[in-house]
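Following: one structure in C-alpha cells, then a few remarks.
The values are calculated or read from the model by the stated rules, or taken from the named source; none is laboratory data. Everything numeric here is computed off the predicted structure, so don't read it as measured data. All Cβ positions, glycine included, derive from the backbone under ideal geometry; neighbour counts span all protein chains shown. SASA here: full protein model, heavy atoms, side chains in, ligands and nucleic acids out. Shrake-Rupley method; radii C 1.70, N 1.55, O 1.52, S 1.80 Å.
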Amino acid sequence: RRTLLGAAAAMGAAALPALPAMAQTKTVLRISTPAVPDDWHAKMWTVFKEQLEKTAPGEFDVQINLNATLFKQGTEPAAMARGNLELSSISAFDIAKLFPEFSIFTAGYVVRDPDQQQKIFNGPIGAELFKAVSEKMEVTPLATVYLGTRQVNLREAKPVKTPADLKGVKLRMPGSKEWLFLGEALGATATPLAFGEVYMGLKTGTIDGQDNPLPSVRAAKFYEVTKQIVLTSHLVDGIFIAISNKSFNALSPAQKQKVTAAAQAAAAYNNENRIKEEGQLVEFFKKEGLQVSTPDVDAFRKSVQATYQASDYAKVWPKGLLDRINATK
Ligand code: KDO
C-alpha cells in the first residue's frame, strides 16, 4: 500500500504536492489564571495571543481561561508538569514549594522595586534559577511579570503603625505555608483563602483583611468591601509566565522563539500599565472613601526581615544570593 507521502517521495522531492490545509493542525495553548478580567496580568494574555497571531499565523490556538475557571489557584504548576495545561503565570510561592531556595523571593522587603526585579530575573540570577526551575518543575519561565507591590487592605479602619498593630487581625493569604508565613511575619493572624473567595470573605466578615497590590484591589473590587489601605509595601511581587516543558519541547526552534517573544511582550504590557496605575490609585481609593495610611515602614521592614532571617526558609537560601540581589541595581 502506498501512502500519499510515499507516492510523493517516489516522484522525487521536487514533485511534493503542497500539504492540504487539513494537515495543518494548530498547537493548542491553554492558559489558566486566577486573574480577574480587568487586571493587567489578565489583559496581557490578549497581547500574547494577538502577537502570536501576527508572528505565527494559523500555528497556535491560544485559549485564555481567567478567574481560575480551568484550574484552581496554585494547582497550575502540577497541571503543567503533568502536561494537562500549557501555560500559566506562577508565583515565587508556587516555585518555593518545589524548589525551597526560591523562597528568598517570597520574603518581605527583599526586592526593592519593579526595575530591580526585572534586572534580577533578566540577568545571571534569573538565568541560573530558571534553569533549576525548569529541571525541578518541568515548566520553563519565559518572562517576569510585575504583579505589583503588596499592601495591607482592611475591612475596618484602625491605626496601624507597626506589626504589633496587626495582632489578632485575620489577614487572608493565599493557601500555602509560604504565604501564611508572610502574613504572620507582618504581625497578623494569617488565614488561607483562594483569591476568588476574598471579596465575599471581606463582605461577610469571615476575614478582617487581605493583602494585594493596589491594581488588583481595584480590579477585584476589594475597595467596595474594605475601609482602609495600609501602605506597608511589604512585597514587590512577581509572577512568571511559564510553559510546560512537554509543550515547549514539542515546538520548533522558530516557534519557541515566537512564543517566548510573545510572553515577553505580554509581560512588558503588564509592567508598563501596572506601574503607571500604581502611581494613580491612592487618589482613586481616597475618592472611593477609603482611608489610605502610611505606617512606620522601617518598623515593618526590620521586623519582617528579622523574622525571615531567623526562620528555616533563610537556611536554604543559596549562599551569597541575598548579597547578589542587594547588589543588583
Ligand atoms: C492572591 O491570591 O492574593 C494573588 O495576588 C497571589 C498571586 O500569586 C496571584 O495568584 C494572584 O493572586 C492572582 O493572579 C489574582 O490576581
Of the accessible area of the chain, with the probe set at 1.4 angstrom, what percent is carbon plus sulfur?
56
Under 5 Å, built H, 5+ apart or other chain: amide partners of Asp237:
Leu147, Gly148, Thr149, Arg150
Please arrange Lys203, Lys167 by accessible surface area, largest first, computed with a 1.4 Å probe and ligands excluded.
Lys167, Lys203
If one compares the long axis through the Cα atoms of helix 253-278 with the longest principal axis of the Cα atoms of the chain, the angle in degrees, nearest 10, works out at 30
Over all pairs of distinct alpha carbons, what does the Kirkwood formula give as the hydrodynamic radius of the stretch 117-266, in Å?
17.2
Could you give the distance between the Cα centres of the stretch 185-238 and the stretch 111-181, to the whole Å?
14
Which pairs break 22 Å Cα to Cα here: Lys97/Lys315; Lys26/Lys256; Lys72/Lys97; Lys97/Lys167; Lys131/Lys276; Lys97/Lys136?
Lys97/Lys167; Lys131/Lys276
Principal axis extents for the stretch 258-319, Cα atoms only, whole Å, descending order, please.
45, 38, 13
Let's see if you can work this out: charge +1 on each Lys and Arg Cβ, -1 on each Asp and Glu Cβ, no other charges. What is the dipole magnitude of the chain about its Cα centre, in debye to the nearest 20?
420
Compute the long axis of helix 124-137 from its Cα atoms, compare it with the longest principal axis of the Cα atoms of the chain, and write down the angle in degrees, 0 to 90, nearest 10.
70
Nearest 10 degrees is fine. How inclined is helix 297-309 to the longest principal axis of the chain, computing both from alpha carbons?
60
Compute the accessible area per residue over the chain, keeping the other protein chains in place, probe 1.4 Å, unit Å².
46
What is the antiparallel percent of DSSP beta bridges lying wholly in the chain, to the nearest 5?
60
To the nearest 10 square angstrom, how much accessible area does Arg324 have with a 1.4 angstrom probe?
100
Mind checking which lysines have their Cα closer than 18 Å to the Cα of Lys203? Skip sequence neighbours fewer than 8 apart in that chain.
Lys158, Lys170, Lys221, Lys227
If you bin the C-alpha pair distances of the stretch 207-329 every 10 Å from 0, what whole percents do you get?
10, 26, 29, 26, 9, 1
FRET efficiency, Lys246 to Lys319 (Cβ-Cβ, R0 41 Å, nearest 0.05):
0.80
Just to be sure I follow: if Rg is taken over the C-alpha atoms of the chain and Rh is the Kirkwood radius over the same atoms, what is Rg/Rh?
1.06
